[in-house]
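Each remark here refers to the structure printed beneath this line.
The values are calculated or read from the model by the stated rules, or taken from the named source; none is laboratory data. Bear in mind the structure is a predicted one, so any value in this text is a computation, not a measurement. We place every Cβ from the backbone using ideal geometry, glycine too, and count neighbours over all the protein chains shown. These area figures cover heavy atoms from the full protein model, side chains too; ligands, DNA and RNA do not enter into them. Shrake-Rupley method; radii C 1.70, N 1.55, O 1.52, S 1.80 Å.
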Amino acid sequence: MNSIWEVIDKAETGPYMEERDFDLKVVAKKCRELVKEYEIRFDPNEIVTTDDSMADDVYEAGMRLALEAGIYCINTKRIIKFDESEIKEGILSAPKELVIGQGRDSRVLYARGIEDSRRPIICGGQAGAAIPEEWYLPMSISYMKEPLIDMINNGGLAIVEGRKVRTNTPLEIQATRRELTMLREAAARAGRPGISFIAGESSVSVLGDLAIASERYMRPSDAHLVALLNELKTDYDRISKVVNFTEYGAFNVTLVDPIIGGYAGGPEGVAVCFIASFLLGRAMYRSEYHVCHPIHFRYMSTSAVECMWNLNIVGQAMARNAPFIIMGDVWTSAGAGSEMIFYEIGANTITNVVTGTHPLGVSATNGKYPHASGLETRFMAEVAVAAVRSKLNRKGANDLVVKLASEYKDKMGKPDIGRPFPELYDVNRVIPKPEWNALYLSMKKKISELTGLDI
Amino acid sequence: MNHEEILQNLADSVISGDEEKAKDFAKKALEAGIDPLTAINEGLMRGMSQVGDDFSKLKIYLPEVMMAAEAMKAALSILEPAALQKGTGTLKKSKVVIGTITGDIHDIGKNIVAMLLRANGFEVYDLGRDVPIDDLIKKAEEVGADIIAASTLLSTSMPYMEDLISLLKERGLRDKYIVMVGGGPVTREWAASIGADGYGDDGEEAVKVAKELLQRVKGK
């Protein structure tokens, strides 16, 4: 049995290595070798794949990487290694279902399968964004009042009481508490008092996280994200977050976000790195669920073709071999208020729900600008439900995803970033302004016609 | 082996990230009487330019760029002293001090920018991650940098970039350095609002902007 105590022991006693050697001689080298050995190939015309054997190969290669590489602890420069029995114990004990949230607003979050006919759980919010304090409440309500949204992961606060929050300073505590206070208030006002949160986004270091382990802020039915650092790394801040929430009793969620073009290589190497990250993340953090977030080295967006292929192959590889509960991020280059965002949401969401992940988003403009609202996330939910209702299989999904991606992939370098939340919504009544609503309706019609889905 | 073949081999050694080959052909270039600066500009730099292009098209990835930079460094360790000895001068390289700023440990984006700057002939002092603003300034003063570049993936580390500019002003050093910022949450508008000189949406743009600024501000 491996617990967080043993993880701390390993971080203090594991093999010593210089970080650069771990990056180049372990991660980069092994990812390349494994991609070559298993002949893993990315095909931009097959974003949603039907090749089960490739999914199994990616999984097997990822398992080997997990065993051979381990996780590098930045503080101690030591490698936290797990043996096969420890990783398998992590897989076997991983929850297949979880009850999140409370009362009427609780949901069963489950390990999604390939071409799963069950309704996916929809997680709404502009995760990863810095949202102005004065809009945080109405913006959060805009997500929570959407009946199709099951849980919330909104951004953090970069300004509190008019003061800029700096990482690892006292204001981080206040920003994180304020974020949670406003989320609670938003949930009450939206009539969703028990809705589950993935929150504490204002807590970049461990400070904010420590300050919200209380029913007043986070409930045990809520969750926080604990990242694996790029690639296959952690540090004491991340481990401290895990210790805190493990003892508090709320959910740990591993955020895995390897970079396409970084140490793991191209889309194929990143897929292998993803599997290793999920397996090691479970063994190390004991995470109840996971977030799959491929990053494109230039566009960032998960809607980039290479990133969607990753969501697809990783989702399938895990669903077939180690069914974890995985949320697939929907991060777009375009912002709310644009036409482009609807195509990106459509392609990314279809990919996710058909290949084993629940959609989490929409983080419009990749969280760079607070140009987001509940309405485009409603669209994400509608696409997800329509894809499942129409029993879309992988072949059919690929045709639609390729078609939708062709509408935006050449515009990702200069996307339409849309408009800020107050220009899209009446912030007092928290309803979309007529112009934004009209664009939503027209794009919904256009994408329904383009895809044949009953959105 | 004629001069062109030697220069091509130098370029190839950088492209393949082969340190031994790079050193070997640096020596061969000198033995063949090729001017060291010609070997650098028409051999090594040509290879690095190809590396930069390949990376931007995702034909190669960060580790290959890092290995190419290492190969170039190995060859330069032979060619630069030879240039000095010959009295033909050395490459007048512009200097960049770069780091992921205070509070942030995300460094891959910064590493990409640092590597691409190296690939384009800059002398780069990479101070790593979670770098206090004071350390960036001290290093810039120590090496006589032209550019101070700061990166972050965290919106809550962005204020430290403002602090960097304020501190430079307080110390009367603002005009001495070009300040560039970038990273996930950093926008062009925000960079301008804090008085940074340049911003890059990605590594390629960062290099382009650095070159333009050097020419415009420092006449280099």
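Below are the figures for this structure:
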quantity: Of all residues in segment A:350-384 being away from chain B (no Cβ under 14 Å) and of a type in the set (D, E, K, R), the one that is surrounded by the most Cβ atoms within 10 Å (Cβ to Cβ); calculated: A:Glu376
quantity: Residues of segment B:184-220 satisfying the condition of being of a type outside the set (Lys, Arg) and touching a helix residue (DSSP H, G or I) at 6+ places or on another chain (Cβ under 6 Å); calculated: B:Pro185, B:Ile194, B:Gly195, B:Asp197, B:Gly198, B:Tyr199, B:Gly200, B:Gly203, B:Glu204, B:Ala206, B:Val207
quantity: Qualifying positions in segment B:203-220 - touching a residue at least 60 places away in the same chain (Cβ under 8 Å), facing chain A (nearest Cβ under 10 Å) and open to solvent by less than 70 Å² (accessible area, probe 1.4 Å); calculated: B:Gly203
quantity: Matching entry among B:Asp24, B:Asp53, B:Asp18 (being open to solvent by 50 Å² or more (accessible area, probe 1.4 Å) and within 30 Å of B:Ala140 (Cβ to Cβ)); calculated: B:Asp53
quantity: Qualifying residue in segment A:241-263 (condition: under 22 Å from B:Ile105 (Cβ atoms), open to solvent by 10 Å² or more (accessible area, probe 1.4 Å), small (Gly, Ala, Ser) and away from chain B (no Cβ under 12 Å)); calculated: no
quantity: Among the residues listed as A:Glu172, A:Glu179, A:Glu201, A:Glu146, the single one being within 14 Å of chain B (Cβ to nearest Cβ), out of contact with any Asp or Glu (no Cβ under 6 Å at 6 or more places or on another chain) and in a loop (DSSP other than H, G, I, E, B); calculated: A:Glu201
quantity: Out of B:Asn120, B:Asn111, sole residue that is closer than 14 Å to B:Leu153 by Cβ, under 11 Å from the mean Cα position of the chain (by Cα) and not β-branched (Val, Ile, Thr); calculated: B:Asn111
quantity: Residue that is modelled with the lowest pLDDT, among those in segment A:1-42 that are touching a helix residue (DSSP H, G or I) at 6+ places or on another chain (Cβ under 8 Å) and not in a helix (DSSP H, G or I); calculated: A:Met1
quantity: Output for segment A:412-447, where each listed residue is part of a loop (DSSP other than H, G, I, E, B) and loosely packed, with under 15 Cβ neighbours inside 10 Å; calculated: A:Gly413, A:Lys414, A:Asn428, A:Arg429
quantity: Selection status of B:Ile105, part of a helix (DSSP H, G or I), assigned by TED's automatic domain parsing to the domain that holds B:Leu213 and either surrounded by fewer than 23 Cβ atoms within 10 Å (Cβ to Cβ) or not hydroxyl-bearing (Ser, Thr, Tyr) (or both); calculated: no
quantity: Positions within segment A:199-246 being in contact with a Lys or Arg (Cβ under 9 Å, 6 or more places away or on another chain) and of a type in the set (D, E, K, R), in sequence order; calculated: A:Asp209, A:Arg216
quantity: B:Glu162 farther than 21 Å from B:Asp201 by Cα and either more than 14 Å from chain A (Cβ to nearest Cβ) or touching a strand residue (DSSP E or B) at 6+ places or on another chain (Cβ under 9 Å) (or both); calculated: no
quantity: Segment B:174-190 residues that are facing another protein chain (nearest Cβ under 9 Å) and closer than 16 Å to B:Val124 by Cβ, paired with ones that are among the acidic types (Asp, Glu) and surrounded by fewer than 23 Cβ atoms within 10 Å (Cβ to Cβ) (beta carbon under 8 Å, 6 or more apart); calculated: none
quantity: Residues of segment A:1-41 satisfying the condition of being open to solvent by less than 50 Å² (accessible area, probe 1.4 Å), touching a residue at least 40 places away in the same chain (Cβ under 8 Å) and of a type in the set (D, E, K, R); calculated: A:Lys10, A:Glu19, A:Asp23
quantity: Test result for A:Ala61, under 21 Å from A:Ile325 (Cα atoms), within 21 Å of the chain's Cα centre (by Cα) and open to solvent by less than 40 Å² (accessible area, probe 1.4 Å); calculated: no
quantity: Qualifying residue in segment B:85-102 (condition: in a helix (DSSP H, G or I) and over 28 Å from A:Ile259 (Cα atoms)); calculated: yes
quantity: Meets criteria (within 12 Å of chain B (Cβ to nearest Cβ) and either under 21 Å from the mean Cα position of the chain (by Cα) or part of a helix (DSSP H, G or I) (or both)) for A:Asp237; calculated: yes
quantity: For B:Ala196: the one exception among (1) more than 12 Å from chain A (Cβ to nearest Cβ); (2) open to solvent by 40 Å² or more (accessible area, probe 1.4 Å); (3) over 18 Å from B:Leu127 (Cα atoms); calculated: (2)
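This table checks each residue for (1) closer than 29 Å to A:Ile260 by Cα; (2) open to solvent by less than 30 Å² (accessible area, probe 1.4 Å).
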site	(1), (2)
B:Leu116	yes, yes
B:Ala140	no, yes
B:Val143	no, yes
B:Ile148	yes, yes
B:Leu167	no, no
B:Lys176	no, no
